[in-house]
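S.K.: Structure below; questions to follow.
The values are calculated or read from the model by the stated rules, or taken from the named source; none is laboratory data. From a predicted model like this one, the values you see are computed outputs, not experimental measurements. FYI the Cβ positions are ideal-geometry reconstructions off the backbone, even for glycines, and counts take in every protein chain you see.
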Amino acid sequence: MRILAITAGAGAMYCGSCLRDNALAAELMNKGHDVSLLPVYTPTVTDEPNVSEERVFFGGVSVYLQQHVPLFRKTPWLLDRIWDSGPVIRALAGRSVSVDPKMLGELTVSMLKGEEGFQGKEVEKLLHFLGTQPPYDLVVLPNSLLLGLAGPIRRRLKCPVGCTLQGEDLFLESLMEPYRSESLALMRRHVPSVDGFFAVSDYYAGFMAELLGLPRGRVHTIPLGINLDGRAPDRPRPGERPFTVGYFARVAPEKGLHLLAEAYRLLRAGGGGEARLEVAGYLAREHQGYLAGVRRKMEDWGLAGEFHYRGVLDRAAKVALFHDVDVLCVPSPYVEPKGLYVLEAMASGVPVVSPRHGAFPEMIAATGGGLLATPGDPRAFADALRALRDDPARAAELGRRGAEGVRRHYSADRMAQRALEVYGALTQQTSVAVAQVGGGR
């Protein structure tokens, strides 16, 4: 198949959606398919070989300028290349600029308007470029916040358009009114321009079908998959170090580090020997105060010496983190559709403790690699952590099952196989429909 996969860059941040898009594209290429992974907004940041194109469409600088300065909606394309270049976008993206909620809402609505929005010139640039390429069998959008592109691409390229669903509800919920309602109305308006939707979990397939007003049968699950290279489940023997709880996710309230800190305090209050809490993940400027608040609590509880924030990790450092911890726990209050970090930990033989919501129950059911706890309840998480600390044999067995389960159900190879099944059925269905329309003329 010849596939155009669009992926949305997230500035300087390692982004779960970018990692997933890159892993899928790379595996499809390995299987002999012709895949173009095209970034929008910013270049993507991955901890594996990046297979995306160098050119970025809807460059973050251009999108911003066209939103707020009418003159830039009419500047020549040649001039736009100055601020659309990868180095310029990377330089500005790395500054982690805080975004005003009102401005963010206006921009989201404008992008969802597609050709009718302030970024209409950027839509035409993309369509012009795609028109110079050999025909595609399928175009895949990275999330439903870019549905404004579906109709224009479908009309210009005359091929089916699909859309991946992988966590955009969190962004949508963060918008102020009336922008949230306007954005959702526009998303629903664009649904008929999409031939198929692809969710990263069964939970999210049902959730997004309801949110977008879709028949459940129009949303197909393509479970996450990860590259297993270098993820050997070689765990140190119990007793070789203090019991170590790991956290690997964005450091933000919706991921629940504050809940884990409280659960850790309850765990330590019951005794049981030495322990430590190892934390890693992207920290945005607006959440530095949040991390400082967690640190203060640990100090107040007399646990500051057991708390360590490792910062943002590349692949080697991430593998080292999973080697150093006995359990991974990210007690996310947000109902997660993905939870890529859970798969990464289990692949390395680390058992997990996750909230009983979102994609986690189906992941644990498929792999047997961890325990579920009541969402938002630090005591429930503390009890689960204690159960694994006090029964090393059980923890080791969960780690073994998780490693085997990820290899069986959540490898990049399995993700690509499932994607090809869904993509192939979609393109065949579309071809049949086109032939029937043509035959009736």
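Residue by residue, here is whether (1) more than 30 Å from Arg394 (Cβ to Cβ); (2) touching a strand residue (DSSP E or B) at 6+ places or on another chain (Cβ under 8 Å); (3) surrounded by fewer than 22 Cβ atoms within 10 Å (Cβ to Cβ); (4) of a type in the set (Lys, Arg) holds:
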| residue | (1), (2), (3), (4) |
| --- | --- |
| Gly217 | yes, no, yes, no |
| Gly225 | no, yes, no, no |
| Asp229 | no, no, yes, no |
| Thr244 | no, yes, yes, no |
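S.K.: Those residues that are in contact with a strand residue (DSSP E or B) (Cβ under 8 Å, 6 or more places away or on another chain) and either buried (at least 23 other Cβ atoms within 10 Å of the Cβ) or basic (Lys, Arg) (or both), I need them from the range 369-389; list them, please. Quick ask: steps written out before the conclusion?
M.R.: Initially, the range 369-389 is screened for residues in contact with a strand residue (DSSP E or B) (Cβ under 8 Å, 6 or more places away or on another chain), giving 369-376, 380-381, 383-385, 387-389.
The answer is Gly369, Gly370, Ala373, Phe381, Ala384, Leu385, Leu388, Arg389.
S.K.: Could you please give the count of residues in the range 367-386 that are farther than 24 Å from Glu173 by Cβ and either acidic (Asp, Glu) or in contact with a Pro (Cβ under 8 Å, 6 or more places away or on another chain) (or both)? Can you show your working first?
M.R.: Kept after step one, since they are farther than 24 Å from Glu173 by Cβ, are these residues of the range 367-386: 367-371, 379-380, 382-386.
Then drop every residue that is not either acidic (Asp, Glu) or in contact with a Pro (Cβ under 8 Å, 6 or more places away or on another chain) (or both), which leaves 369-371, 383.
Qualifying residue count for the region: 4.
S.K.: I'd like the residue in the range 295-316 that is of a type in the set (Gly, Ala, Ser) and out of contact with any strand residue (DSSP E or B) (no Cβ under 8 Å at 6 or more places or on another chain) and, out of all such residues, is nearest to Leu228 (Cα to Cα).
M.R.: Step one: list which residues in the range 295-316 are of a type in the set (Gly, Ala, Ser), which gives 302, 304-305, 311, 316.
Subset that is out of contact with any strand residue (DSSP E or B) (no Cβ under 8 Å at 6 or more places or on another chain): 302, 304-305, 316.
On the way: Gly302: 39, Ala304: 34, Gly305: 34, Ala316: 13 Å.
Here the answer is Ala316.
S.K.: Also: Determine, yes or no, whether Leu107 is in contact (Cβ under 8 Å) with a residue 60 or more places away in the chain, assigned to a helix (DSSP H, G or I) and not basic (Lys, Arg).
M.R.: No.
S.K.: Right, here's the next one. Select, from Gly225, Gly270, Gly281, the only residue that is in contact (Cβ under 8 Å) with a residue 60 or more places away in the chain and under 24 Å from Asp326 (Cβ atoms). Walk me through it before giving the result.
M.R.: Details: Gly225 fails: under 24 Å from Asp326 (Cβ atoms); Gly281 fails: in contact (Cβ under 8 Å) with a residue 60 or more places away in the chain.
On inspection, the qualifying residue turns out to be Gly270.
S.K.: Let me ask you something else. What is the residue count in the range 178-196 for residues that are crowded, with 16+ Cβ neighbours inside 10 Å, within 10 Å of Leu147 (Cβ to Cβ) and not small (Gly, Ala, Ser)?
M.R.: Here the count works out to 5.
S.K.: Let me ask something else. Is it the case that some residue within the range 284-304 is crowded, with 18+ Cβ neighbours inside 10 Å, among the acidic types (Asp, Glu) and either part of a helix (DSSP H, G or I) or touching a residue at least 40 places away in the same chain (Cβ under 8 Å) (or both)?
M.R.: Looking for residues that are crowded, with 18+ Cβ neighbours inside 10 Å, among the acidic types (Asp, Glu) and either part of a helix (DSSP H, G or I) or touching a residue at least 40 places away in the same chain (Cβ under 8 Å) (or both), one finds none in the range 284-304, hence no.
Conditions tested, residue by residue: (1) over 27 Å from Asp229 (Cα atoms); (2) small (Gly, Ala, Ser); (3) in contact (Cβ under 8 Å) with a residue 24 or more places away in the chain.
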{"site": "Asp326", "(1), (2), (3)": "no, no, yes"}
{"site": "Glu344", "(1), (2), (3)": "no, no, yes"}
{"site": "Ala359", "(1), (2), (3)": "no, yes, yes"}
{"site": "Ala366", "(1), (2), (3)": "no, yes, yes"}
{"site": "Gly376", "(1), (2), (3)": "yes, yes, yes"}
{"site": "Leu385", "(1), (2), (3)": "yes, no, yes"}
{"site": "Arg401", "(1), (2), (3)": "no, no, yes"}
{"site": "His409", "(1), (2), (3)": "no, no, yes"}
{"site": "Met415", "(1), (2), (3)": "no, no, yes"}
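S.K.: While we're here: When you go through Gly349, Gly339 one by one, which is the residue that is in the same structural domain as Arg401 (by TED's automatic domain parsing) and at pLDDT below 95? Lay out the reasoning, then the answer.
M.R.: Numbers: Gly349 fails: at pLDDT below 95.
Only one candidate qualifies: Gly339.
S.K.: Is it the case, given these coordinates, that Leu277 is crowded, with 22+ Cβ neighbours inside 10 Å and out of contact with any Leu (no Cβ under 7 Å at 6 or more places or on another chain)? Explain how you work it out, then say what you get.
M.R.: Values: crowded, with 22+ Cβ neighbours inside 10 Å: yes; out of contact with any Leu (no Cβ under 7 Å at 6 or more places or on another chain): yes.
Taking the combined requirement at face value, the residue satisfies it.
S.K.: A further question follows. Looking at the range 128-177 only, could you name the residues that are surrounded by 20 or more Cβ atoms within 10 Å (Cβ to Cβ) and hydroxyl-bearing (Ser, Thr, Tyr)?
M.R.: Tyr136, Ser144, Thr164
S.K.: Which fully enclosed helices (runs of 4 or more DSSP H) of the range 122-216 have 1 or more residues being modelled with pLDDT under 95?
M.R.: Answer list for the range 122-216: 168-174.
S.K.: Restricting attention to the range 305-326, which residues are part of a helix (DSSP H, G or I), among the charged types (D, E, K, R) and surrounded by fewer than 19 Cβ atoms within 10 Å (Cβ to Cβ)? First the steps, then the outcome.
M.R.: Applying the first criterion (part of a helix (DSSP H, G or I)) to the range 305-326 yields 305-306, 315-324.
Narrowing further to those that are among the charged types (D, E, K, R): 306, 315, 318, 324.
Matches in the range 305-326: Glu306, Arg315, Asp324.
S.K.: Now, a different point. Which numbered condition in (1) out of contact with any helix residue (DSSP H, G or I) (no Cβ under 7 Å at 6 or more places or on another chain); (2) part of a helix (DSSP H, G or I); (3) under 24 Å from Glu336 (Cβ atoms) is the only one that Met29 fails?
M.R.: Every listed condition holds for Met29 apart from (3).
S.K.: Working only within the range 1-57, note down all residues that are of a type in the set (Gly, Ala, Ser) and more than 17 Å from the chain's Cα centre (by Cα). Break it down stepwise before answering.
M.R.: Of the range 1-57, the ones of a type in the set (Gly, Ala, Ser) are 5, 8-12, 16-17, 23, 25-26, 32, 36, 52.
Of everything in the range 1-57, those that are of a type in the set (Gly, Ala, Ser) and more than 17 Å from the chain's Cα centre (by Cα) turn out to be Gly32, Ser36.
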